Amino acid sequence: MDYTKRLYDLRTDHDLRQEDVAAVLNITKQAYGMYENGKRGLPIEYLIKLSKYYGVSTDFILGLTDKK
């Protein structure tokens with residue numbers, strides 16, 4: 001599974017908008033949308049922040065495992 005799909009699924013499973021996740025990362029909605037749509041690579045610092053925020057492993061976000 002592609003990490004962009006995981007980002008989308010995690011966000012929608014938590015009933016969040018792109019604006020909400022962007023605020024957690026302290027970036028614009030447009031910047032976050034580019035990560036979620038695969039138009040820009042996700043920086044490691046944001047990967048770590050999102051894994052802590054959602055309570056899942058970085059491997060889960062990256063699609064390396066299905067175990068959260």
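Worth a mention:
- Only the Cβ atoms of Lys and Arg (+1) and of Asp and Glu (-1) were treated as charged; on that basis the dipole of the chain about its Cα centre amounts to roughly 120 debye.
- Relative to the longest principal axis of the Cα atoms of the chain, helix 3-13 runs at roughly 80 degrees.
- Rounded percent of accessible protein surface that carbon and sulfur make up, the chain, 1.4 Å probe: 49
- Averaged over its residues, the chain has an accessible area of 63 Å² per residue, based on protein heavy atoms and a 1.4 Å probe.
- The label point for Val56 and the one for Lys39, both projected 7 Å from the Cα toward the Cβ, are 2.3 nm apart.
- Every helix of 4 or more DSSP H residues in the chain counts as -39500 (n - 2.57), and over all residues that averages to -17500 deg cm²/dmol at 222 nm.
- A straight Cα-to-Cα reach below 17 Å connects Lys67 with the lysines Lys5, Lys52, residues fewer than 8 places away in its own chain not being considered.
- Answer label for P(r) over Cα pairs in 5 Å bins from 0, in percent (calculated), chosen among [x] 3, 17, 25, 24, 18, 8, 3, 1; [y] 4, 18, 33, 31, 12, 2; [z] 3, 17, 28, 27, 16, 6, 2, 0: [y]
The values are calculated or read from the model by the stated rules, or taken from the named source; none is laboratory data. Because the structure is predicted, anything quoted here is derived from the model rather than measured. As a convention, Cβ positions derive from the backbone with ideal geometry for all residues, glycine included, and neighbour counts pool all protein chains shown. Side chains are part of the model used for accessible areas, which takes the heavy atoms of the whole protein and leaves out ligands, DNA and RNA. Shrake-Rupley method; radii C 1.70, N 1.55, O 1.52, S 1.80 Å.
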